[in-house]
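Since the structure comes first, as structure tokens, the remarks are kept for the end.
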Amino acid sequence: MYSLNSPAHKVNFLQRIKNFFGIAVGSEDYESAITSDIYKHIVAEVPLLISAKDRAGKYTMANQSFCDLLGMPAELIIGKNDIEIGLFLNPDQIINADLQVFETGQKKHIPLEPYTDRYGTLFWFKTTKSPLFNEKGEFNEILIVSTDITERLDKEQRLSKSELRYKSIFENNYSGIIVVDQDLNIINKNKAFNKLIEIDQRLLNKDDLKKYLFEEDRNDLIDLMVGLVSRNYEYFDLNLVLNTKGGNKVDTICFVRGLYDEHEGFNEAVVTFQDITKEIRNLKELEESEKRFRVIVENASEALMLLDFDSKLYIDTNKSAEILFGYEHNELLDQHLGELSPINQANGRNSKELAGDYMQQALKGKNVVYEWIARRKDGKLIPCEVRLVRLPFKNRSIIRTSVVDITERKKAEHLLTLEKQKIQEANNELVDVNHRLENQTNQLQEFAYIASHNLRSPAGNIRALLDFYQSDPTAENFNLLLTKLDVVSIDLMDTINDLAEVVKIKNEISQEIVSVSLQKVIDKTKDSLSEVFKAKKAKVIVNLEQLQTILASKTYVESIILNLMSNALKYSKEDIAPIIKISAELNGDWLEIIFKDNGLGINLNKFGNKIFGLRKTFHRKKDSRGLGLFITRAQVEAMGGSISVESEPLKGCTFIIKLPKKIIDD
Amino acid sequence: MIELVAIVDDDDIFQFTTKVKLEKMGLAKDVKIFNDGEEIFDYLEAASLNDVPNVLLLDINMPIVDGWDFLDLYANLASDKQNKISIYMISSSINPVDVEKAKKHEHIIDYITKPIKESDMLRIFK
């Protein structure tokens, strides 16, 4: 084993270095030219890491760079193996590599060797291990030379990272991207471009962009490239239509970016294509739909206008609007809001102001509907129904106005109201008639029973009297028969007449309406009852004021007054002269005629309204058939009025007849 | 033969012919006439049990107190008197309301329409 400091060793070593460097330098004359000091200097100073190990793996030599890297002086390295030094992560790998060289006697090249220093910094080395041969061709040491490639590796990694990123963007972009030279030959292209052009991905790259363009676009692009290449500008964009391999047309927006070398100028250009066929199609569809919409609007039966609220001008109108307002299309466009109306609306408000209010509501997003009076060019006023809706324009206030002439509708509405009124009136009448019919039916029923009853009595009596005579036909009985038959027959006749009277009144066979003087009728009745008046010393006090004459049936009035007066006389107190007070007064909608007597009165608690019923008598008077007041009531009601009574026993009766005031003749 | 019959009706022809018939047919010993419900009720109240009639023919339509009103008053009559009297309602009315009312009334034996048939007479008085 040669010691490092032995001259032989030194010579050998230097010789070997010489050889080593001689080969590197490539000079045959190196032996003379280079001294051992220079070698030492080279070995010491060179930035390579140089070391040597023996077969036991222990270091026999280490240069300055190597010591610097390890951070240890040479004395501490030499004589130790890697494990003892303890600064390598993977000593086994190193030792194996050493052994390989010792065994094979061949140089070994290790492209990548990691090393971590005491501070934890990772280094990468490119290492060569070679046997150090002596003259005899033997070796017991290996020479290890390492180059620090950490920085380079880093750069490479970083570059490859960014390259990867770039590649990824390029490859996977949705937009077609190509790289072209100044003649528009395609140097590189991505998947998306192939798809755009409809080319199979697997085909070779070499391609010419000009192939896929139409003449006009091609010329435009070529012109623009000139300026790009000469760096008048570094980028531009334009609309291009690509003609695909499949013969289809693709609308694109194309963005071209020049890439320049600092010294050589234009290098290549990156061209990005954005497919806008969809957008173009949407635009076309929009145009189509707008056209359709136009047709609809133009042909709408209602007047349609678009109002720009900011300028208060109508910016668009349809045919129906022209017809409604009587203006030409362009004349309408000159009109401002509110000018197609009279100054004021029906409610007195100023048209412009009110229209403005409605428009404001519409702007808030409400659907506004209202009636309006519009004014045509010729000045004619038209009732209309107006509908407003705001149209969705971003920065403008556009309101769609629809106007419909509702003259006919208003007429129809009015007629409908009239009809409804008529129906309501007819209905009310029907209800009235119904009531009256019901009343009449009831009364008729009641009357039927009463009539049959009232006729049966005298009829039964006639039968009974005849039976009586037949069972014992004496002369005396015959006289009795005659006398009593007389009474009954009179009774019967009167009953029949009364019933007939009631029927007549009930049938409302129209009585002739004439002007009747109440005073005159009272006087006439007094005359007809003059004997009774005289006998009883009766008196009549009349107080009619202005209500002397009424328009009524003379017959009825005479009958009523006669009945009331004769009742008053009939039911007078025994010894007291009957006084009958007749007065008349206007009370609201009614004319009240009041008959007050001072006779026997009636116990109303007991008899109530039975007094006006049929066949009702309340006193033991032989000549009362009980029909009188029934007839009187029927007659009063036939005149459209009502009759009521107030009375207490022995305090006389007050009859109140109410008649509708229109009956008064003035 | 019935001891005492009361005819309560304001129609004097009816009073006359009925009384005569009863006497002729020998159906009643004594017949009393009343013109209205008030008259008969006053009589019944004042009378001794002996003088209370066995049969009472009651008309509906009478002044002052009619047939129905009388029956309201009748309810207050002493029960021993009530037990003696058989009341028959007689009327020319064929109003089903009256007929129904009479037939349901607790104090009325039967309702008979005028003119009274002989068969009815026999039925009532035998």
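The values are calculated or read from the model by the stated rules, or taken from the named source; none is laboratory data. Since the model is a prediction, treat every value here as computed from it, not as a measurement. FYI the Cβ positions are ideal-geometry reconstructions off the backbone, even for glycines, and counts take in every protein chain you see. Just so you know, the surface numbers come from the protein's heavy atoms only, side chains and all, with ligands and any DNA or RNA stripped out. Shrake-Rupley method; radii C 1.70, N 1.55, O 1.52, S 1.80 Å.
Taking a probe of 1.4 angstrom, what is the accessible area of A:Val433 in Å², to the nearest 10?
Ignoring ligands and nucleic acids, A:Val433 comes out at about 60 Å².
Can you work out the accessible area per residue across segment B:28-70, with the rest of the protein chains kept in place, probe 1.4 Å, in square angstrom?
For segment B:28-70, the solvent-accessible area averages 35 Å² per residue.
Normalise the Cα radius of gyration of segment A:356-450 by 2.2 N^0.38 Å (N = residues in it) and let me know the number.
On the way: Rg = 26.9 Å, N = 95, 2.2 N^0.38 = 12.4 Å.
Normalised Cα radius of gyration, segment A:356-450: 2.16.
Over segment A:124-188, what percent of the accessible surface lies on carbon and sulfur atoms, probe 1.4 Å?
That fraction is 50 percent.
Can you give the accessible area buried between chains A and B, summed over both chains, with a 1.4 Å probe, in Å² to the nearest 100?
Roughly 2300 Å².
Peptide B:14-24: average number of partner chain Cβ atoms within 10 Å per residue?
Mean shielding by partner chains, rounded to a whole number: 4.
Please compute the volume of the convex hull spanned by the alpha-carbon atoms of segment A:425-492 and report it per residue in Å³.
Each residue corresponds to 59 Å³ of Cα convex hull volume.
Can you list the HN-Hα couplings for segment A:599-604, worked out from phi with the Karplus curve (6.51, -1.76, 1.60; θ = phi - 60°), rounded to whole Hz and with x for Gly and Pro?
Whole-Hz 3J(HN,Hα) from phi for segment A:599-604: x, 6, x, 9, 7, 5.
Sequence neighbours fewer than 8 away in the same chain don't count; with that in mind, list the lysines whose C-alpha is under 25 Å from A:Lys278.
Straight-line reach from A:Lys278, under 25 Å: A:Lys189, A:Lys191, A:Lys195, A:Lys210, A:Lys211, A:Lys245, A:Lys249, A:Lys291, A:Lys394.
Using per-residue counts of other Cβ atoms within 10 Å, averaged over each peptide, order A:527-534, A:322-329, A:565-572 from highest down.
Answer by packing, highest mean first, reads A:565-572, A:322-329, A:527-534.
Please compute the net charge surrounding A:Asp308, taking Lys and Arg as +1 and Asp and Glu as -1 over other residues with Cβ under 12 Å from its Cβ.
+2
Would you compute, for the Cα atoms of segment A:404-531, the largest minus smallest coordinate along each principal axis and list the three values in descending order, in whole Å?
For segment A:404-531, the Cα extents along the three principal axes come out at 104, 40, 15 Å.
What shape does segment A:148-276 take by its C-alpha gyration tensor, where a ≥ b ≥ c are the square roots of the eigenvalues and a/c under 1.5 counts as rounded, a/b above b/c as prolate, and the rest as oblate?
oblate
Going by accessible area, probe 1.4 Å, with all protein chains left in place, what is the ranking of A:Tyr119, A:Tyr556, largest first?
Accessible-area ranking of A:Tyr119, A:Tyr556, largest first: A:Tyr119, A:Tyr556.
Using Stokes-Einstein with the Kirkwood hydrodynamic radius over Cα pairs, what translational diffusion coefficient do you get for segment A:282-331 at 10 °C and a viscosity of 1.306 mPa s, in µm²/s rounded to a whole number?
Using the Kirkwood radius from Cα pairs, D works out to 133 µm²/s.
Kirkwood Rh over Cα pairs of the protein assembly as shown into Stokes-Einstein at 4 °C, 1.567 mPa s: D in µm²/s?
Diffusion coefficient, whole number: 30 µm²/s.
Keeping all protein chains in position, work out how much accessible area A:Trp590 exposes to a 1.4 Å probe, and write it in Å² to the nearest 10.
Per-residue accessible area (A:Trp590): approximately 100 Å².
Treating only the Cα positions of segment A:114-201 as identical point scatterers, give the base-10 log of I(q)/I(0) from the Debye formula at each q in 0.24 Å⁻¹.
Scattering profile of segment A:114-201, log10 relative to I(0): -1.13.
Return the Rg/Rh value of segment A:488-536, two decimal places, where both radii are evaluated on C-alpha atoms and Rh is the Kirkwood radius.
We get a ratio of 1.12 for segment A:488-536.
Which residues, if any, in segment B:94-123 have at least 20 Å² less accessible area in the whole protein complex than in the isolated chain, probe 1.4 Å?
Correct list: B:Ile94, B:Asn95, B:Pro96, B:Lys114, B:Pro115.
Counting Lys +1, Arg +1, Asp -1, Glu -1, what net charge surrounds A:Ile280 among other residues with beta carbon under 12 Å of its beta carbon?
-1
Suppose we compare each residue of segment A:435-455 in its chain alone and in the full protein complex with a 1.4 Å probe; which ones drop by at least 50 Å² of accessible area?
Buried by 50 Å² or more upon assembly, which counts only protein chains, are A:Tyr449, A:His453.
Starting at the first residue of segment B:7-12, write each ³J(HN,Hα) from the Karplus equation 6.51 cos²θ - 1.76 cosθ + 1.60 with θ = phi - 60°, in whole Hz, x for Gly and Pro.
So the Karplus estimates, Gly and Pro as x, are 9, 10, 7, 8, 7, 5 Hz.
Among B:Ala102, A:Ser301, B:Leu57, whose Cα lies farthest out toward the positive end of the dipole of the protein assembly as shown, if unit charges sit on the beta carbon of Lys, Arg (+1) and Asp, Glu (-1)?
Farthest towards the positive end: B:Leu57.
Under a Cβ-Cβ cut-off of 11 Å, what is the net charge of the residues other than A:Leu332 that fall near it, where Lys and Arg count +1 and Asp and Glu count -1?
Computed value for this residue: -4.
Roughly what angle does helix A:36-45 make with the longest principal axis of chain A, taking Cα atoms, 0 to 90 degrees, to the nearest 10?
Once rounded, the angle reads 10 degrees.
Helix A:351-363 versus the longest principal axis of chain A: what angle, 0 to 90°, nearest 10, using Cα atoms?
50 degrees
On a 0 to 90° scale, report how tilted helix A:475-506 is relative to the longest principal axis of chain A, with both axes built from alpha carbons and the result rounded to the nearest 10.
Tilt of helix A:475-506: around 40 degrees.
Would you compute the Debye intensity of segment A:91-142 from its alpha-carbon atoms alone, equal scatterers and no solvent, and pass along log10 I(q)/I(0) at q = 0.17, 0.18, 0.31 Å⁻¹ to two decimals?
-0.59, -0.64, -1.18
Need one number: nm distance between label points at A:Ile83 and A:Gln360, each 7 Å from Cα along Cα→Cβ, rounded to one decimal.
9.9 nm
Could you tell me which chymotrypsin sites (Phe, Trp or Tyr not before Pro) in segment A:195-298 are loop residues by DSSP with no more than 16 other beta carbons within 10 angstrom of their beta carbon? Spell out each step's value before the answer.
On the way: sites: A:Tyr212, A:Phe214, A:Tyr233, A:Tyr235, A:Phe236, A:Phe255, A:Tyr260, A:Phe266, A:Phe273, A:Phe293; in loops: A:Phe214, A:Tyr233.
Sparse-neighbourhood loop chymotrypsin sites (Phe, Trp or Tyr not before Pro): A:Phe214, A:Tyr233.
Determine the share of segment A:303-377's accessible area contributed by carbon and sulfur atoms, expressed in whole percent, with a 1.4 angstrom probe.
Working: 1810 of 3790 Å².
Whole-percent figure for carbon plus sulfur exposure: 48.
May I ask you to rank A:Asp357, A:Asp207, A:Asp310 by accessible area, largest first, using a 1.4 Å probe over the protein chains only? Write down the numbers at each step before the final one.
Values: A:Asp357 70, A:Asp207 20, A:Asp310 110 Å².
Greatest to least solvent exposure: A:Asp310, A:Asp357, A:Asp207.
Normalised by the number of residues in chain A, what is the relative contact order in percent for Cα pairs under 8 Å and 6+ residues apart?
Details: 977 pairs, mean separation 34.0, N = 666.
Relative CO of chain A lands at 5 percent.
Restricting to the protein assembly as shown, compute how many DSSP beta bridges are antiparallel as a %, nearest 5.
Taking every DSSP beta bridge within the protein assembly as shown, about 80 percent pair in antiparallel fashion.
Identify, among A:Ser397, A:His414, A:Asn367, the residue whose Cα sits farthest towards the positive end of the charge dipole of segment A:364-433, taking +1 on the Cβ of Lys and Arg and -1 on the Cβ of Asp and Glu, with the dipole about the Cα centre.
A:Ser397
With no solvent and one equal point scatterer placed on each C-alpha of chain B, evaluate the Debye formula and give log10 I(q)/I(0) for q = 0.10, 0.15, 0.22 Å⁻¹, two decimals.
-0.27, -0.63, -1.49
Given 10 Å bins starting at zero, what is the percent of C-alpha pairs of segment A:222-378 in each, up to the one with the largest pair distance?
9, 22, 19, 11, 13, 14, 9, 3, 0
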